[in-house]
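**Student:** Quick one: structure below, then a few questions.
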Amino acid sequence: MTAPAVLVEDLHVAFGKNWALDGVDLEAAAGTTLGVLGHNGAGKTTLIRTLTTLVRPTIGRAHIEDLDVVADATEVRRRIGVTGQYAGLDEFLTARENLELIGRLTGLRRTARARADALIDRLGLDEYAARRVGELSGGSRRRIDLAASLVGSPSLLFLDEPTTGLDPLARAGLWDVVDELTDAGTTVVLTTQYLEEADRLADHIVVLSRGRVAARGTPAELKRIVGGKVVSATVPAHQLAALPFVPDADRVDDNRVRASVTVDDAPAAIALVADLHDRGIEVTDLDVASPSLDDVFTHLAHTGAHK
Ligand SMILES: Nc1ncnc2c1ncn2[C@@H]1O[C@H](COP(=O)(O)OP(=O)(O)OP(=O)(O)O)[C@@H](O)[C@H]1O
Ligand SMILES: [Mg+2]
């Protein structure tokens, strides 16, 4: 059997007295995408930094393919690509020059230029290639940052919040690039604050909370933790007190409120809607939905479940 692409066992990382990671176990099979979710300060970046050899484990082990991130750090670095929350591009060079420079720094000699051109072509960066990075918008820089992480043809790619601050179009573009890479067999570990992003890209998700794994599973498995159906109805504000449940309520405008409640299953949702009708509640909009990963997150925040 081949080794998992990423294997983390009992990983602890302390900064002074603060345990940024407090006993994390996880693995990712080669060619899959692992999504790491968590609130600010949960330990996502510390996990990525440990896996990419920038931070040493205080206790426990982390392996990339068959290599130990401490003992075999140099070889690990050869196999991985990393894009950070803070991009390390030279502002005064063009996008193409940046990619070429990175190629030379990582040991590509005469082929550095060709590699840069190939990535520009593959990631659709032609319109930025000749512009200085310092002049580009944040979204364009993210895409060049991603290209930079691919110069060394890594079999594993680490993306720390790759789409934070991107507009929806740029985000979708970056998702397509990640899809292409995973289709070609690259293993991806990405952190994100966007549940929609994890839902869209990840085969498996690990939710970190205060340095520990609060939940893990496929997106579908995590949604099943919450279960039930979410009924949301837009009703007149003055009828709020007449609802047969205590809702989560958001004001839509001066007169209307969006009231939501989670019920056990579809028949319960139907009964609830019938009850609203019987009570003469004037429903102007209605949705019955399965829980989203957002609901999983809210649920975990409330229960503080650790697993
Ligand atoms: N170099 C460091 N020195 C001291 N403390 C650190 C360092 N890096 C991280 N920490 C602490 O470790 C904890 C986890 O931080 P980390 O950056 O891993 O969280 P995160 O999940 O990436 O958060 P965010 O969503 O804000 O990016 C925090 O309490 C943070 O203050
Ligand atoms: Mg972070």
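**Student:** How many of the residues making up segment 276-291 are open to solvent by 50 Å² or more (accessible area, probe 1.4 Å) and farther than 16 Å from Pro236 by Cβ?
**Tutor:** 4
**Student:** Limited to segment 242-266, what total is found for residues that are modelled with pLDDT under 90 and assigned to a helix (DSSP H, G or I)?
**Tutor:** Final tally of qualifying residues: 1.
**Student:** Being farther than 28 Å from Arg104 by Cβ and more than 16 Å from ligand 1 (Cβ to nearest atom) narrows it down to one residue among Ala198, Ala116, Ala147, Ala172; which is it?
**Tutor:** When all the criteria are applied, what remains is Ala172.
**Student:** Hey, another quick one. Report yes if some residue within segment 24-33 is surrounded by 18 or more Cβ atoms within 10 Å (Cβ to Cβ) and charged (D, E, K, R); otherwise report no.
**Tutor:** No, segment 24-33 contains no residue that is surrounded by 18 or more Cβ atoms within 10 Å (Cβ to Cβ) and charged (D, E, K, R).
**Student:** Given segment 70-171, what helices (runs of 4 or more DSSP H) lie entirely inside it while holding 3 or more residues that are open to solvent by 40 Å² or more (accessible area, probe 1.4 Å) and of a type outside the set (Phe, Trp, Tyr)?
**Tutor:** 73-79, 95-105, 112-122, 138-149
**Student:** Next up: Identify the single condition in (1) within 12 Å of Val189 (Cβ to Cβ); (2) within 16 Å of ligand 1 (Cβ to nearest atom) that Ile64 does not satisfy, given that it satisfies every other one.
**Tutor:** Here Ile64 meets the rest and fails (2).
**Student:** Within segment 7-19, can one find any residue that is part of a helix (DSSP H, G or I) and in the same structural domain as Ala118 (by TED's automatic domain parsing)?
**Tutor:** So far as segment 7-19 goes, no, none of its residues is part of a helix (DSSP H, G or I) and in the same structural domain as Ala118 (by TED's automatic domain parsing).
**Student:** Before we move on, is Thr58 more than 18 Å from the chain's Cα centre (by Cα), open to solvent by 60 Å² or more (accessible area, probe 1.4 Å) and within 16 Å of ligand 1 (Cβ to nearest atom)?
**Tutor:** yes
**Student:** Would you mind stating whether Glu27 is on the phi < 0 side of the Ramachandran plot and without any contact (Cβ under 8 Å) to a residue 24 or more places away in the chain?
**Tutor:** yes
**Student:** For residues in segment 23-50 being assigned to a strand (DSSP E or B) and within 16 Å of ligand 2 (Cβ to nearest atom), which is nearest to Val188 (Cα to Cα)?
**Tutor:** My answer is Leu34.
**Student:** When you go through Ile225, Ile270 one by one, which is the residue that is in contact (Cβ under 8 Å) with a residue 60 or more places away in the chain, of a type in the set (Val, Ile, Thr) and open to solvent by 40 Å² or more (accessible area, probe 1.4 Å)?
**Tutor:** Testing whether each residue is in contact (Cβ under 8 Å) with a residue 60 or more places away in the chain, of a type in the set (Val, Ile, Thr) and open to solvent by 40 Å² or more (accessible area, probe 1.4 Å) leaves just Ile225.
**Student:** So, of the residues in segment 172-195 that are among the polar types (S, T, N, Q) and in a strand (DSSP E or B), which turns out to be nearest to ligand 2 (Cβ to nearest atom)?
**Tutor:** Ranking the qualifying residues of segment 172-195, first place goes to Thr191.
The values are calculated or read from the model by the stated rules, or taken from the named source; none is laboratory data. As the structure is a computational prediction, the values presented were derived from the model and not from experiment. Backbone-built Cβ (ideal geometry, glycine too); neighbour counts: all protein chains shown. Note: areas computed on protein heavy atoms with side chains; ligands, DNA, RNA excluded. Shrake-Rupley method; radii C 1.70, N 1.55, O 1.52, S 1.80 Å.
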